[in-house]
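*Asks:* Before I ask anything, let me first share the structure, which is written out below as structure tokens.
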Amino acid sequence: MDTIFALATARGKAGVAIVRLSGPGAFKAAVSLCGSLPQRRRAALRLLRSDEAVLDQALVLSFDAGQSFTGEDVVEFHLHGSVAVIQAVLKELSHLDGLRLAEPGEFTRRALENGMLDLTQVEGLSDLIEAETEAQRRQALRVLSGAIGQRAEIWRKTLVRIAALIEATIDFADEDVPVDVSPEVSSLMATLLDALRNEVRAARSAERVRAGFEVAIIGQPNVGKSTLLNALAGREAAITSEFAGTTRDVIEVRMDVDGLPVILLDTAGLRETADPVERKGIDLAVRRAEAADLRVYLLESADEAAAITLRPGDLRVVSKADQAKNWEGLSVSGLSGQGIDALLAAISAELGARIPIDGVMTRERHIAAMRSAIEALESAQIEVTGGMQLAEVAAADVRRAIAAMDVLIGRLGVEDFLAEIFSSFCIGK
């Protein structure tokens with residue numbers, strides 16, 4: 001395998017910049033620049049040279065294969081973070097035989113190929129790099145720590161036990177089996193199916209933490225939706241006007257609400273209209289509101305009826321806080337800011353209550369793999385319930401469920417997902 005190198009920190013001026021080398025020629029290449037390497041996993045200062053010219057004084061670290069991020073021999077140069085120093089070191093490395101610049105995500109891909117990470121941990125690392133809020137950071141770290149792989153391994157062991165019990169009845173079909181395995185098989189299947197179904201139910205909210213919860217602001221025209229959006233965003237994200245029907249398209253604003261990633265949607269006012277363009281905007285508003293995780297219905301007055309059916313957890317908010325004298329619910333003023341903090345707290349509380357404490361299945365791929373396992377196991381359960389006459393068919397279904405677990409953590413079918421996952425990685429990662 002080639003020895004690769006790249007800048008592992010962001011480009012541009014900084015206090016420190018890290019250049020990473022990985023591969024069988026990493027140690028030899030590093031020695032050609034710094035003369036000698038410090039003891040493995042110990043940092044030491046070295047002068048980096050090109051012939052007799054000093055490139056920089058760097059902190060040098062080295063890691064043996066099997067004890068590094070990539071699983072290969074790795075060297076890191078911690079340089080002074082000027083553009084000139086970085087360019088000089090990268091140029092010198094590019095002239096060395098057997099070295100080449102890393103491709104995007106190649107260090108992490110090598111970690112996957114060398115068994116240092118499984119596919120779900122790679123996805124967790126990608127999510128951690130992209131994390132913008134505290135909830136995203138915490139969730140990504142759980143995935144990166146191997147939480148999905150640990151659960152999948154427990155489920156896989158249960159499936160292997162089920163398969164072994166079923167296949168024992170096949171092997172001894174012509175003999176008297178001393179113990180009826182059906183009760184244990186049925187119990188294991190029922191327990192595992194409950195666990196998988198619960199994980200799939202929790203996956204919707206876990207995925208929203210990764211991608212962002214959509215919160216739609218809806219209501220009649222000129223009730224103050226755009227003004228409220230601007231107040232929540234702290235900037236003029238939407239045009240406001242005294243004329244009804246100003247908002248035609250859906251305006252999106254990303255926010256961090258108490259550590260939760262939230263996408264606020266400002267939508268067209270809900271009313272009957274003959275204007276075909278406004279009608280399209282209203283239809284779009286209704287569709288996005290239906291698909292949103294939470295709706296904030298803005299009311300002109302406390303006794304106004306909602307124009308759409310609200311779901312449990314949706315928030316009814318009076319738009320003119322100074323006029324909501326007898327209203328005990330939420331009220332806001334987008335102009336003065338009154339009630340904004342209370343509304344944000346209500347949004348945070350409602351969405352926060354939906355987040356599973358230990359939810360880690362964050363991608364559609366995870367859900368698809370678990371649903372495949374559930375489908376196969378349900379089929380096997382039906383066959384076992386009818387007696388062990390269909391034991392061979394049941395065993396085949398259990399093996400399909402085991403394969404689904406292997407797909408989940410990347411033991412099978414991994415190539416189909418790698419291009420998409422690594423497309424978001426930088427060259428130094």
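*Asks:* Could you say whether any residue in segment 1-9 is out of contact with any Phe, Trp or Tyr (no Cβ under 9 Å at 6 or more places or on another chain) and free of Cβ contacts under 8 Å to residues at least 60 places away in the same chain?
*Replies:* Going residue by residue through segment 1-9, those that are out of contact with any Phe, Trp or Tyr (no Cβ under 9 Å at 6 or more places or on another chain) are 1-3, 5, 7, 9.
Pick out the ones that are also free of Cβ contacts under 8 Å to residues at least 60 places away in the same chain and you get none.
No, segment 1-9 contains no residue that is out of contact with any Phe, Trp or Tyr (no Cβ under 9 Å at 6 or more places or on another chain) and free of Cβ contacts under 8 Å to residues at least 60 places away in the same chain.
*Asks:* Provide a single number: the residues in segment 334-390 that are farther than 30 Å from Ala403 by Cα, in a loop (DSSP other than H, G, I, E, B) and touching a residue at least 60 places away in the same chain (Cβ under 8 Å).
*Replies:* Count: 4.
*Asks:* I'd like the residue in segment 4-54 that is of a type outside the set (A, V, I, L, M, F, W, C) and in a strand (DSSP E or B) and, out of all such residues, is farthest from Val75 (Cα to Cα).
*Replies:* So the residue we want is Ser50.
*Asks:* Only residues that are crowded, with 17+ Cβ neighbours inside 10 Å and in contact with a strand residue (DSSP E or B) (Cβ under 7 Å, 6 or more places away or on another chain): list them for segment 347-390, please.
*Replies:* Scanning segment 347-390 gives Ile347, Glu350, Leu351.
*Asks:* Ok, one more. Quick one: in segment 34-63, of everything that is more than 19 Å from Ala102 (Cα to Cα) and small (Gly, Ala, Ser), which residue is farthest from the chain's Cα centre (by Cα)?
*Replies:* Ala53
*Asks:* In addition: Just to be sure I understand the filter: pairs with C-beta atoms under 6 Å, separated by 6 or more residues or on different chains, first member in segment 197-222 and more than 18 Å from Glu364 (Cβ to Cβ), second member buried (at least 20 other Cβ atoms within 10 Å of the Cβ) and acidic (Asp, Glu). Which pairs pass?
*Replies:* Qualifying pairs under 6 Å: Ile217/Asp266.
*Asks:* Just to check your reading of the model, which residue among Ile129, Ile162, Ile148 is in the same structural domain as Ala391 (by TED's automatic domain parsing), β-branched (Val, Ile, Thr) and within 31 Å of the chain's Cα centre (by Cα)?
*Replies:* Ile148
*Asks:* If you go through segment 86-101 one residue at a time, do you hit one that is at positive phi and surrounded by 15 or more Cβ atoms within 10 Å (Cβ to Cβ)?
*Replies:* no
*Asks:* Across segment 64-111, which residue is farthest from the chain's Cα centre (by Cα) among those that are basic (Lys, Arg) and either within 14 Å of Lys429 (Cα to Cα) or not in a strand (DSSP E or B) (or both)?
*Replies:* Across segment 64-111, the extreme among qualifying residues is Lys91.
*Asks:* Take the residues in segment 238-273 that are of a type outside the set (A, V, I, L, M, F, W, C) and at pLDDT 75 or above; name whichever of them is nearest to Pro221 (Cα to Cα).
*Replies:* Among residues in segment 238-273 that are of a type outside the set (A, V, I, L, M, F, W, C) and at pLDDT 75 or above, the one nearest to Pro221 (Cα to Cα) is Thr267.
*Asks:* So for segment 274-297 (the condition being over 29 Å from the mean Cα position of the chain (by Cα), more than 19 Å from Thr227 (Cβ to Cβ), in a loop (DSSP other than H, G, I, E, B) and modelled with pLDDT under 75), does at least one residue qualify?
*Replies:* yes
*Asks:* Now, a different point. Check Leu61, Leu37, Leu55, Leu47 and return the single one that is without any contact (Cβ under 8 Å) to a residue 40 or more places away in the chain, farther than 28 Å from Ile129 by Cβ, buried (at least 19 other Cβ atoms within 10 Å of the Cβ) and not polar (S, T, N, Q).
*Replies:* Step by step, each of Leu61, Leu37, Leu55, Leu47 is checked, and only Leu55 is without any contact (Cβ under 8 Å) to a residue 40 or more places away in the chain, farther than 28 Å from Ile129 by Cβ, buried (at least 19 other Cβ atoms within 10 Å of the Cβ) and not polar (S, T, N, Q).
The values are calculated or read from the model by the stated rules, or taken from the named source; none is laboratory data. What you see is a predicted model, and the numbers here were worked out from it, not measured in a lab. All Cβ positions, glycine included, derive from the backbone under ideal geometry; neighbour counts span all protein chains shown.
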